[in-house]
Amino acid sequence: MKELQQVHDMEGFEPKHWHELTTLERQRALKYLMYLKEKRCGKLKSRGCADGRKQRLYTNKNETTSPTVALASIMLSCAIDTHEGRDVATVDIPGAFLQTEMQEDEPDVHV
(Lines give C-alpha, C1' and ligand atoms only; values in the text may rest on other atoms or scores of the structure.)
Protein backbone atom coordinates (compact mmCIF):
# COMPACT_ATOMS: atom_id res chain seq x y z
CA MET A 1 0.00 0.00 0.00
CA LYS A 2 1.59 3.18 -1.24
CA GLU A 3 0.08 5.42 1.45
CA LEU A 4 1.74 3.58 4.33
CA GLN A 5 4.97 3.18 2.37
CA GLN A 6 5.10 6.98 1.79
CA VAL A 7 4.60 7.67 5.49
CA HIS A 8 7.41 5.25 6.31
CA ASP A 9 9.84 6.34 3.55
CA MET A 10 9.42 10.06 4.23
CA GLU A 11 9.73 9.58 7.99
CA GLY A 12 6.36 11.27 8.43
CA PHE A 13 5.96 9.95 11.95
CA GLU A 14 8.40 9.24 14.73
CA PRO A 15 7.31 6.37 16.99
CA LYS A 16 6.93 7.23 20.66
CA HIS A 17 5.82 4.96 23.46
CA TRP A 18 2.76 6.33 25.22
CA HIS A 19 4.64 6.22 28.53
CA GLU A 20 6.93 8.97 27.17
CA LEU A 21 4.00 11.38 26.70
CA THR A 22 2.67 13.69 29.37
CA THR A 23 -0.98 13.37 30.41
CA LEU A 24 -1.84 16.46 28.34
CA GLU A 25 -0.02 15.09 25.26
CA ARG A 26 -1.91 11.79 25.58
CA GLN A 27 -5.22 13.65 25.84
CA ARG A 28 -4.41 15.73 22.75
CA ALA A 29 -3.05 12.85 20.64
CA LEU A 30 -4.90 12.61 17.33
CA LYS A 31 -6.27 9.42 15.83
CA TYR A 32 -4.91 8.46 12.40
CA LEU A 33 -7.73 7.14 10.25
CA MET A 34 -6.86 4.70 7.47
CA TYR A 35 -9.41 3.86 4.80
CA LEU A 36 -8.87 0.78 2.65
CA LYS A 37 -10.56 -0.15 -0.59
CA GLU A 38 -10.05 -3.22 -2.74
CA LYS A 39 -9.77 -2.31 -6.41
CA ARG A 40 -11.28 -4.49 -9.16
CA CYS A 41 -7.84 -5.90 -9.91
CA GLY A 42 -7.52 -7.07 -6.29
CA LYS A 43 -4.96 -4.46 -5.18
CA LEU A 44 -5.62 -2.51 -2.00
CA LYS A 45 -5.81 1.27 -2.13
CA SER A 46 -5.47 3.25 1.08
CA ARG A 47 -5.97 6.80 2.26
CA GLY A 48 -4.96 8.07 5.65
CA CYS A 49 -5.69 11.25 7.55
CA ALA A 50 -5.35 12.57 11.07
CA ASP A 51 -8.63 13.17 12.87
CA GLY A 52 -8.04 16.75 13.98
CA ARG A 53 -11.37 17.34 15.72
CA LYS A 54 -9.69 17.33 19.16
CA GLN A 55 -7.57 20.31 18.09
CA ARG A 56 -10.65 22.50 17.81
CA LEU A 57 -10.72 22.80 21.59
CA TYR A 58 -7.29 24.41 21.92
CA THR A 59 -6.14 25.56 18.47
CA ASN A 60 -6.97 28.73 16.57
CA LYS A 61 -8.87 27.91 13.36
CA ASN A 62 -6.57 30.17 11.29
CA GLU A 63 -3.57 28.06 12.33
CA THR A 64 -5.07 24.76 11.20
CA THR A 65 -6.99 25.40 7.99
CA SER A 66 -5.66 24.85 4.52
CA PRO A 67 -6.70 27.53 2.07
CA THR A 68 -8.90 26.24 -0.74
CA VAL A 69 -9.99 27.98 -3.87
CA ALA A 70 -13.62 28.62 -4.81
CA LEU A 71 -14.99 26.83 -7.87
CA ALA A 72 -15.99 30.18 -9.40
CA SER A 73 -12.34 31.32 -9.17
CA ILE A 74 -11.14 28.21 -10.97
CA MET A 75 -13.73 28.63 -13.72
CA LEU A 76 -12.84 32.30 -14.18
CA SER A 77 -9.12 31.49 -14.33
CA CYS A 78 -9.81 28.72 -16.90
CA ALA A 79 -11.85 31.12 -19.04
CA ILE A 80 -9.05 33.71 -18.99
CA ASP A 81 -6.43 31.03 -19.76
CA THR A 82 -8.50 29.81 -22.72
CA HIS A 83 -9.10 33.32 -24.02
CA GLU A 84 -5.39 34.13 -23.83
CA GLY A 85 -4.36 30.75 -25.30
CA ARG A 86 -2.27 29.78 -22.30
CA ASP A 87 -0.92 26.31 -21.62
CA VAL A 88 -2.22 24.91 -18.33
CA ALA A 89 -0.98 21.96 -16.28
CA THR A 90 -1.97 20.38 -12.99
CA VAL A 91 0.28 18.71 -10.45
CA ASP A 92 -0.39 16.13 -7.78
CA ILE A 93 2.20 16.01 -5.03
CA PRO A 94 2.09 12.58 -3.38
CA GLY A 95 2.11 12.82 0.41
CA ALA A 96 2.09 16.62 0.31
CA PHE A 97 1.41 16.90 4.04
CA LEU A 98 4.51 14.81 4.69
CA GLN A 99 6.61 17.35 2.79
CA THR A 100 5.78 20.15 5.24
CA GLU A 101 8.57 21.25 7.58
CA MET A 102 7.44 21.99 11.12
CA GLN A 103 8.99 25.05 12.72
CA GLU A 104 11.20 24.44 15.74
CA ASP A 105 9.01 26.57 18.03
CA GLU A 106 5.87 24.64 17.06
CA PRO A 107 4.65 22.00 19.52
CA ASP A 108 4.74 18.36 18.40
CA VAL A 109 1.55 16.81 17.06
CA HIS A 110 1.00 13.34 18.49
CA VAL A 111 -0.99 10.87 16.40
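For the criterion of being of a type in the set (S, T, N, Q), within 23 Å of PRO94 (Cα to Cα) and surrounded by 10 or more Cβ atoms within 10 Å (Cβ to Cβ), GLN5 passes.
I'd like to check something: does segment 87-95 contain any residue that is surrounded by 11 or more Cβ atoms within 10 Å (Cβ to Cβ) and not aromatic (Phe, Trp, Tyr)? Within segment 87-95, one or more residues are surrounded by 11 or more Cβ atoms within 10 Å (Cβ to Cβ) and not aromatic (Phe, Trp, Tyr). Among the residues making up segment 47-64, those that are open to solvent by less than 90 Å² (accessible area, probe 1.4 Å), in a helix (DSSP H, G or I) and out of contact with any strand residue (DSSP E or B) (no Cβ under 9 Å at 6 or more places or on another chain) are GLY52, GLN55, THR64. Just for segment 65-105: of the residues that are within 18 Å of GLU11 (Cα to Cα) and assigned to a loop (DSSP other than H, G, I, E, B), which one is farthest from the chain's Cα centre (by Cα)? The qualifying residue farthest from the chain's Cα centre (by Cα) is GLU104. Filtered by the rule that a residue be open to solvent by 100 Å² or more (accessible area, probe 1.4 Å) and either of a type in the set (Ser, Thr, Tyr) or in contact with a Pro (Cβ under 8 Å, 6 or more places away or on another chain) (or both), segment 15-46 gives a lone residue, TYR35.
Pairs meeting the criteria (first residue in segment 21-39 and more than 13 Å from PRO107 (Cβ to Cβ), second residue in a helix (DSSP H, G or I), beta carbons under 7 Å, at least 6 apart or on different chains) are ARG26/TRP18.
The values are calculated or read from the model by the stated rules, or taken from the named source; none is laboratory data. These numbers come from a predicted model, not from an experiment. FYI the Cβ positions are ideal-geometry reconstructions off the backbone, even for glycines, and counts take in every protein chain you see. To get the accessible areas, we keep the full protein, side chains included, count just its heavy atoms, and leave off ligands, DNA and RNA. Shrake-Rupley method; radii C 1.70, N 1.55, O 1.52, S 1.80 Å.
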